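Following: one structure in structure tokens, then a few remarks.
The values are calculated or read from the model by the stated rules, or taken from the named source; none is laboratory data. Because the structure is a prediction, the values reported are computed rather than measured. Cβ coordinates were reconstructed from backbone atoms using ideal geometry, including for glycine residues, and neighbour counts include every protein chain displayed. Only protein heavy atoms, including side chains, enter the accessible area calculation; ligands, DNA and RNA are left aside. Shrake-Rupley method; radii C 1.70, N 1.55, O 1.52, S 1.80 Å.
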Amino acid sequence: MRAVMQPEPMGLHQILDRCETLFADRPVTVGGGAAGPTTTTYGALFAEARAFAGALAELGLRPGDRVATFAPNTREHLLAYIAVPGSGSVLHTVNIRLGSEEIAYTVEHAGDRVVLVDAALWPEWSAVTLPTCVEHVIVYGDIDELPERHGGAVVTRFADSIAGPAREGRWYRPADENEASGICYTSGTTGWPKAVVYSHRSVYLHALTLCGADTFAISEHDVVCPVVPMFHANSWNLPYASLLAGASLVLPAHRTDPAGLVECFAAGGVTFSAAVPTVWANLVAAARAGDVDPTALDSVQRVVIGGSAASETLLSELAELGIEPVHAWGMTECSPVGLIANPPADGSTAVTEETKSSQGRPMPGLELRAVEGDMPAPWDGTSIGELQISGPYVVADYYGAESGSTADKFADSEERRWLRTGDVVTVDRRGYVRLVDRTKDLVKSGGEWISSVTLENHLLAHPAVREVAVIAVPDPTWDERPLAIVAARGVDAARLRDFLADRVPRWQVPDRFEFVAEVPKTSVGKLDKKRLRTEYA
Ligand code: ADP
């Protein structure tokens, strides 16, 4: 039987047209300026986004073309979130923490024609050897001197680029809701970052789901401050969820330190925010030490902690400040929020506490299983398996990956494709997931990945190093930091640190080195990381 409902495509046009029509008066606050946070409205922002969309059209951009950003959470970054998919182009939010070579790789792989760059990041950006696909670099913010060209691209100031005619009419409505709207790259253990291409449909569905009462419950009454970077998994899709709901947005720009955040929270009257544990732990510590005024947090009702595991201590410290903490699990491949640890309605205090510290239950629309061998493990809270996840806003494959190269990232059953997350979990009878280990050989420091294998390969290239294993060790500030266990002769930690600093971004260089006669191996001769983790944790 055929349904008789309208096959209107789900897409960002519905979010953008709705926000511009209904919520033009809602405020948007932006921090980071010398004079402190400033406030504008969605109406003013949309007018500027129309000017930016007009500029993109003048440059000859057509639906499906890629436009990149290299920016923190700023007003102009939000303009790109609106104007780029709102013109049918595809928004590639470049991760500013990648090394120059990786940045160049992702820009070339995505085929970006235009890049919007924050002036404060010009030193990092101009160090990138620009691939030939980039025709225009548009720079916003304060900067005295700009070259006329960067590689083969013409460099323009944002203010000059938007001087032409603005886009008129409604925002771009995709003919097919599966058209691409955005691209994020995610770092793996080895090789170049992998591309996750979101569709209009997946972004819309995920944003709508974040507005659900039992997920993040983002509503028109909220003032949302996405601290999680707009260059990292779309800031957990909070910008689009906020535009959809008509929630006021507060963007902290580069001020994600406790003092900067508190200033933004107070200026905008923030009710909801989201960040990695490091950010919240620093904020709690600053509030306790009296370095920031805790009453500036009075408006904050709930905050999401994700990206790395939230400790029970952090959850209770936030609760003591009168803020409801919500633990969530995500992955760039899942748009990115996949699990939310809201407690069940039927729970006693003990059940509530237990579930709140878990990684959570699946978001509506997603299915999960924990797989051990080839078999799904029972949901008994103790059986362990790899978390696999499936649903309409989970990636089906990586864009532009060599044929067969990503086969091990997925498992297919009769009616579904499962994403293999590389996270090892238990699932209890209510569907709450608890992370117990990770099979990916990566370190997650302050929300960003460091590949152990890459550090090991660089260290092995040092003539004095014979063997090396890099593992993640818990860290009170950054959640995890890399520790290098090295068998070497005639070299010390300082020399190895200098050696690495020339080869990887500085924040990835291990603080700790342990020198050993021989790195322990398993029976088959592999580095015994399990043993090392227990020994050095
Ligand atoms: P993001 O950091 O935005 O969630 P990434 O794709 O960079 O997305 O990283 C995904 C991985 O981060 C997960 O597979 C998991 O290993 C880890 N992770 C995310 N959220 C949590 C969490 N709440 N607890 C523990 N690990 C988490």
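Distance between the C-alpha centres of the range 447-473 and the range 283-345: 32 Å, rounded to the whole angstrom.
Full-extension gain between Ala24 and Ser100, please, as 0.36 nm times their residue separation minus the C-alpha to C-alpha distance.
The span from Ala24 to Ser100 would gain 23.5 nm if fully extended.
Report the charge-dipole magnitude of the chain in Debye, nearest 20, computed about the Cα centre from +1 at each Lys and Arg Cβ and -1 at each Asp and Glu Cβ. Could you put the intermediate results ahead of the total?
Numbers: 46 positive and 69 negative charges, 127 e Å.
With only Lys, Arg, Asp and Glu charged at Cβ, the dipole is about 600 debye.
Got a sec? Which residues in the range 452-487 would a label at Asp528 touch, if it sits 7 Å along Cα→Cβ and we count backbone N under 20 Å? Only 466-473, 483-487 pass the distance filter.
Looking at the chain, the DSSP beta bridges with both ends there are about 55 percent antiparallel.
Note on the chain: helix-only mean residue ellipticity at 222 nm, from DSSP H runs of 4+ residues weighted -39500 (n - 2.57) and normalised by residue number, equals -8000 deg cm²/dmol. Starting from the Cα gyration tensor of the chain, take the square roots of the eigenvalues, sort them a ≥ b ≥ c, and report rounded, prolate or oblate (rounded when a/c is under 1.5, otherwise prolate if a/b is larger than b/c, else oblate). Judged from the Cα gyration tensor, the chain comes out rounded (a/c under 1.5). Note on the range 440-536: with neighbouring protein chains present and a 1.4 Å probe, carbon and sulfur make up 49 percent of its accessible heavy-atom surface.
Around Leu500, what is the net charge, scoring Lys/Arg as +1 and Asp/Glu as -1 over all other residues with Cβ under 12 Å from its Cβ?
0
In percent, rounded to a whole number, the relative contact order of the chain is 11, using alpha-carbon pairs under 8 Å and six or more apart. Exposed loop positions in the chain were taken to be trypsin sites (Lys or Arg not before Pro) whose DSSP state is not H, G, I, E or B and which have at most 11 other beta-carbon atoms within 10 angstrom. Between these positions, the longest stretch is 3-428.
Which whole-number value in Å² is the accessible area per residue of the chain, probe 1.4 Å?
Value for the chain: 43 Å² per residue.
Applying a DSSP loop filter and a limit of 11 other Cβ atoms within 10 Å to the chymotrypsin sites (Phe, Trp or Tyr not before Pro) in the range 64-152 leaves nothing.
So if a site counts as exposed when it's one of the GluC sites (Glu not before Pro), its DSSP state isn't H, G, I, E or B, and it has at most 14 other Cβ atoms within 10 Å, what's the longest stretch of the chain without one?
221-401
From the alpha carbon centroid of the range 235-268 to that of the range 480-537 is 38 Å.
Suppose a student asked you for the relative contact order of the range 440-536, using Cα pairs under 8 Å spaced at least 6 residues apart; what percent would you report?
Dividing the mean separation by the residue count of the range 440-536 yields 25 percent.
Between Trp192 and Arg170, the modelled label-to-label distance comes to 3.8 nm, taking each label 7 Å out from Cα in the direction of the beta carbon. Spin-label model, Glu372/Ala47: points 7 Å from Cα along the beta carbon direction are separated by 6.2 nm. Here the range 1-58 and the range 110-143 have alpha carbon centers that stand 24 Å from each other. Only Cα pairs under 8 Å and 6+ residues apart enter the sum, and on that basis the relative contact order of the range 12-275 stands at 24 percent.
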